[in-house]
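Handing you this structure, nothing more for now.
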Amino acid sequence: MAEPELRADACVTMRDPAAMLERLCAHFVEHGTVTHHDRGVRLEGRFGAVELCSAAGALDIAVTNPNETYLFVVTSSVAEHLHEFAEGETLKVGWRGNLPEQPRIPYFREAVVREAYDITPAMRRVILSCEDTAHFESGGLHVSVLIPPSGREPVWPGVGPDNRVIWPSGADELIRRIYTIRFIDHQRRELAIDVVLHDSSPGSTWARNAMPGDRVGLLGPGGGDVVAADWYLLCGDETALPAIARIAAELPTAARAKIVIEIADRAEQQALSSHAAIDVTWLHRGDAPAGTTDLLPQAVMGAARPEGDNPFVFVGCEQSAARAIRKHLRSAWKLPKDRHLVAAYWRRGHADAHDHGE
Ligand SMILES: Cc1cc2nc3c(=O)[nH]c(=O)nc-3n(C[C@H](O)[C@H](O)[C@H](O)COP(=O)(O)OP(=O)(O)OC[C@H]3O[C@@H](n4cnc5c(N)ncnc54)[C@H](O)[C@@H]3O)c2cc1C
C-alpha cells in the first residue's frame, strides 16, 4: 500500500516572483526535471516534487512527499535556495502542513564512541553506540560524522523557523566528514566505522584519539540502497573498502561480483565475505602516495564488459581515478547512468572534497 502523501505549503512574499521562479528553474535543471504547465512549474528530483506558482507579489510553493525525511530535505533546500537567490531582499518563508511542531533534523542521531582499535596498520575501526540503529538500516551506506571541538560540550545543528539547518559556529563549529557504516549490530545497538589513517587530518585525528564516551553527531544515512544486478564490479581504494565489504556481504547468493581494491600493501588487505561468488583482486601501490597511481583505471580498462543485461558498477576512490573510470564506463562500456555509481570519495590536495557519484 502506498504511503499517504505529506504536504507542506508556503506563500512567500517578494518583489519579483517570476524572476525568482526563473532562477530556481535555471538552478534546478542541473539536478532534476523541470516541467512548465499552465498553473506554474513542477520540479522533480531524487527527494520528491515541488510545485511553484508565481502570483502577484508572491511565490506559492507546495511540497508533497510520502516521507517525513524527504519532506524536510526538500522544504529546507527550497528555503536555502530562496534566500540564496533573493538578491539582497529579506524573505520570510513560513511552511504550513505536515511538519513537526518542534522542528528537528529527522536524519540526525547522536552516537557515543564505545571503543576504537586498528584493524590494519592504516585503518582504525570506531565502534559507536547509538540507540536507534534501525534508522541506519536503509537509505544508503554512508553518514556525515559531526565531530565536536575537543573538550567542549557538543552543540548540534538545529532547524530555523523556515526549516533551514542552523550550523553551530565559532568555538562550537563542528568538523564534518563522510564515512561508510561498515556494519550495524542491532542487538548491541552499535555501528562500525572504518577510518583510513592517512596523516594528521581532522578525520584521522578523530579516529586515532577516539575514546569511550566521546560524542559525535551522525547525519544520514545517504547514497541510496545498492542497485539489484546479476553481475557487479566493485572497485575502489581503501576509503571505499568499507563500502565494498558491506555491499559484498549483503549480495544475494545468485549474484557474481568482481572486486578490485587498491591499497598500500599486503598488510592492508582484509578478509571479505559474501554469499555471492566473488573474485577479489588487491592492487598494491607500494610507496606511491594514495591518489597518485592509475592502478584502478587500468584495472577497469583491462576488464571485459560483462555479458548479459544486468550489470552494476560501483566505484569509490580519489577524484582523478574516479573521473577516468567514469569516462571509460560511459564511452567504452556504454553503461547507462542507472547501471553505475562512480563517486570521488576524496580529492588529493583538498580537504573534505568529494562528490556523491554519477
Ligand atoms: C560516500 C563516501 C563514503 C566514504 N567512506 C569512507 C570510509 O568509510 N572510510 C574512510 O576512511 N573514508 C571514507 N570516505 C572518504 C573520506 O570522507 C575522505 O577521505 C575525507 O577527506 C577524510 O577526511 P580527513 O579529515 O581525513 O581529510 P581532509 O581534511 O578531508 O583532507 C586533508 C588532506 O588529506 C587528503 N586526503 C583525504 N583523504 C585521504 C586519503 N584517504 N588518503 C590520503 N590522503 C587523503 C586530502 O586530499 C587533503 O589534502 C568516504 C567518502 C565518501 C564521499
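Cβ-Cβ distance below 8 Å, separation of 6 or more or different chains: which pairs start in segment 238-255 with a residue that is closer than 21 Å to Q319 by Cα and end on one that is within 14 Å of the ligand (Cβ to nearest atom) and in a helix (DSSP H, G or I)?
Once the first residue is closer than 21 Å to Q319 by Cα and sits in segment 238-255, its partners that are within 14 Å of the ligand (Cβ to nearest atom) and in a helix (DSSP H, G or I) give E238/E268.
Any chance segment 171-181 includes a residue that's more than 9 Å from the ligand (Cβ to nearest atom) and without any contact (Cβ under 8 Å) to a residue 24 or more places away in the chain?
First, the residues of segment 171-181 that are more than 9 Å from the ligand (Cβ to nearest atom): 171-174, 176.
With the extra rule that they be without any contact (Cβ under 8 Å) to a residue 24 or more places away in the chain, the set shrinks to 171.
There is at least one residue in segment 171-181 that is more than 9 Å from the ligand (Cβ to nearest atom) and without any contact (Cβ under 8 Å) to a residue 24 or more places away in the chain.
Name the residue, out of D225, D199, D194, D162, that is part of a loop (DSSP other than H, G, I, E, B) and under 23 Å from A264 (Cα atoms). Break it down into steps so the answer makes sense when it comes.
Details: D225 fails: under 23 Å from A264 (Cα atoms); D194 fails: part of a loop (DSSP other than H, G, I, E, B); D162 fails: under 23 Å from A264 (Cα atoms).
Just one listed residue meets the conditions, D199.
Also, I was wondering about something else. Determine which member of the set E30, E22 is part of a loop (DSSP other than H, G, I, E, B) and over 21 Å from G97 (Cβ atoms).
Values: E22 fails: part of a loop (DSSP other than H, G, I, E, B).
Going through E30, E22 in turn, just one is part of a loop (DSSP other than H, G, I, E, B) and over 21 Å from G97 (Cβ atoms): E30.
Among the residues in segment 321-329, are any out of contact with any His (no Cβ under 6 Å at 6 or more places or on another chain) and surrounded by fewer than 14 Cβ atoms within 10 Å (Cβ to Cβ)?
Looking for residues that are out of contact with any His (no Cβ under 6 Å at 6 or more places or on another chain) and surrounded by fewer than 14 Cβ atoms within 10 Å (Cβ to Cβ), one finds at least one in segment 321-329, hence yes.
Which residues, counting only those in segment 315-352, are within 7 Å of the ligand (Cβ to nearest atom), of a type outside the set (K, R) and outside any strand (DSSP E or B)?
Residues satisfying the conditions are G349, A351, D352.
Conditions tested, residue by residue: (1) within 15 Å of the ligand (Cβ to nearest atom); (2) on the phi > 0 side of the Ramachandran plot; (3) surrounded by 14 or more Cβ atoms within 10 Å (Cβ to Cβ).
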| residue | (1), (2), (3) |
| --- | --- |
| L197 | yes, no, yes |
| A207 | yes, no, yes |
| A210 | yes, no, yes |
| G220 | yes, yes, yes |
| V226 | yes, no, yes |
| A229 | no, no, yes |
| Y232 | no, no, yes |
| C235 | yes, no, yes |
| E238 | yes, no, yes |
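Taking R266, is it away from the ligand (no atom under 16 Å from the Cβ), among the charged types (D, E, K, R) and either touching a helix residue (DSSP H, G or I) at 6+ places or on another chain (Cβ under 7 Å) or modelled with pLDDT under 95 (or both)?
no
Another question, if that's okay. Please go through segment 118-159 and give me each residue that is in a loop (DSSP other than H, G, I, E, B) and within 30 Å of L91 (Cα to Cα), ordered by number.
If the condition is that a residue be in a loop (DSSP other than H, G, I, E, B) and within 30 Å of L91 (Cα to Cα), then V155, W156, P157 are the ones that fit.
The values are calculated or read from the model by the stated rules, or taken from the named source; none is laboratory data. Here the structure is a predicted model, which is why all the values come from computation and not from measurement. Every residue, glycine among them, receives a Cβ derived from its backbone with ideal geometry; neighbour counts consider all protein chains shown.
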